[in-house]
Amino acid sequence: MSMQEVLKNSVNNSLNEIGISINKIEVINSGINSLSWKIKNDKESFFLKKYINKPGDIRDRLKTEKGILNLLKYQNIKNIPKIVCFSKKYNWIILSWIEGDPIRSPNDEDWEGLLYFLASMQQIKKKDISFEIKNASESFFDILSHAKFIQFRINQLLQKLEDNKPSSIRNWIEENLLKTINNYLYKRIYNIKEICYKKNSAILSQSDIGFHNTLRFQGKLYFFDFEYAGWDDPYKQYTDLVIQPENLLNYDQATSLLNRFGIILNKKIDLNILLEYIFLYRLKWTIIILKQLLNNNISKYDEKQIFLKAESYYKSVGSIWLMDEE
């Protein structure tokens, strides 16, 4: 019996146990981390996600997603999918189907909705709950740990890039990313000791925040994909809000958004600390773009476009925040 047949039988058996039958299945996504389908009958639709285990990845993403969704439900947060059933053995989950449209160009109301959702998650404190929620994916709570991890990620990418990739790309990474993070750790870090040794309090975060995990339905935002969620550094969240490649904000937009977020949270967001995180996370987001080069099936044209996107992003963030690019 093939893996697809095993999955189908497992899903059908679990749904039959709760009185649900399925007569149609449509592929939604076939990614490197998970597979997903829309499954439905004549009355209703559901979302099926199958988590892919990769060598060296010890995270239990099913447990994480299930735990976060249960916690948010317990906190009366309703604009999320509901758990229908799941299988630990076969590593899948079925969620209620969320109607809505993808958000390609977020407007002011969309940003406000995202801020309020993130704020509602931040209100949940470790001491207030008994749920077993772990740290978010790649979470750290001091800037030195962030910097060391990003240095590791840059070296890891350079090691994985094949020799047949243009030397100009590897040279650019070494000169602009590796050299920058090395200088940061060996020189600049000593000038920000008051930030370096400060531990930020943990917040509950979706981790992979953004409108790519959001749908709009009848003017309201609905959020999904919590497999990497958990306790995280608040300044990482603030940084991701304003410098994500797909929604890179200019300085006025970013500071206005962060001021608004600070008001909602009743917190002061320190721009001096934020700038240090932006300095580092510009490097990480550039690496995330460049990781697409590891796909052996991409064409020379796509390879060039990926590099140009990474280079443009790197320069744009530098121009907006760091005043180090033309």
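Any read-out appearing in this document is the output of simple, stated calculations on the displayed coordinates, not a laboratory observation. Please read these numbers as outputs of a predicted model, since none were measured by experiment. All Cβ positions, even for glycine, are placed from backbone atoms using ideal geometry, and neighbour counts span all protein chains on display.
Mind checking which aspartates and glutamates have their Cα closer than 15 Å to the Cα of Lys63? Skip sequence neighbours fewer than 8 apart in that chain.
Glu132, Asp225, Glu227
Between Asn16 and Lys268, with labels modelled 7 Å along Cα→Cβ, what's the label distance in nm to one decimal, could you check?
Each label point lies 7 Å from its Cα, and together they span 6.3 nm.
On a C-alpha basis, how far is the centre of the stretch 262-326 from the centre of the stretch 224-242 in Å? Whole number, if you could?
Value for the Cα centre distance between the two parts: 16 Å.
State, to one decimal in nm, how far the label point of Gln305 lies from the label point of Lys82, with both points 7 Å from Cα in the Cβ direction.
Result: 4.1 nm between the two label points.
Quick check on the chain: helices-only [θ] at 222 nm, where DSSP H runs of length 4 and up contribute -39,500 (n - 2.57) each and the sum goes over total residues. Nearest 500, please. It would help to have the intermediate numbers written out before the result.
Numbers: 11 runs with 143 residues, N = 326.
Result for the chain: -14000 deg cm²/dmol, rounded to the nearest 500.
With a Förster radius of 41 Å, plug the Cβ-Cβ distance of Lys40 and Glu109 into 1/(1 + (r/R0)^6) and report the FRET value to the nearest 0.05.
0.85
Under a cut-off of 14 Å between alpha-carbon atoms, report the aspartates and glutamates in cross-link reach of Lys38, not counting same-chain residues fewer than 8 places apart.
Within the straight-line cut-off, Lys38 pairs with Glu26, Glu99.
5 Å is the cut-off here: which amide hydrogens, built 1.01 Å from N in the peptide plane, fall below it relative to Cys85, excluding neighbours closer than 5 in sequence?
For Cys85, the qualifying residues are Ile94.
Below 8 Å, C-alpha to C-alpha, sequence gap of six or more: please give me the relative contact order for the chain in percent.
17 percent
Going 7 Å from the Cα of Asp101 in the Cα-to-Cβ direction, what parts of the stretch 215-242 have a backbone nitrogen less than 15 Å from that spot?
Within reach of a label on Asp101, which here means backbone N under 15 Å from a point 7 Å along Cα→Cβ, the stretch 215-242 contributes 215-222.
Note the angle between two axes, namely the Cα long axis of helix 271-290 and the longest principal axis of the Cα atoms of the chain, as a number of degrees from 0 to 90, rounded to the nearest 10.
70 degrees
To test your reading of the geometry: what angle, between 0 and 90 degrees and rounded to tens, separates the Cα axis of helix 3-17 from the longest principal axis of the chain?
60 degrees
In square nanometres and to one decimal, what's the mean projected area of the convex hull around the Cα atoms of the chain? Could the numbers behind the result be given before it?
Numbers: hull surface 76.5 nm².
Value for the chain: 19.1 nm².
Which of the trypsin sites (Lys or Arg not before Pro) found in the stretch 37-69 are loop residues per DSSP with 13 or fewer other Cβ atoms within 10 Å of their Cβ?
Passing both the DSSP loop test and the Cβ count: Lys43.
Distance cut-off 20 Å, Cα to Cα: go down the list Lys43/Lys82; Lys291/Lys315; Lys179/Lys315; Lys54/Lys78; Lys179/Lys236; Lys54/Lys125 and report the pairs above it.
Pairs exceeding 20 Å: Lys54/Lys78; Lys179/Lys236; Lys54/Lys125.
Can you tell me the 0 to 90 degree angle between the C-alpha axis of helix 143-160 and the longest principal axis of the chain, rounded to 10?
In the chain, helix 143-160 runs at an angle near 80 degrees to the longest axis.
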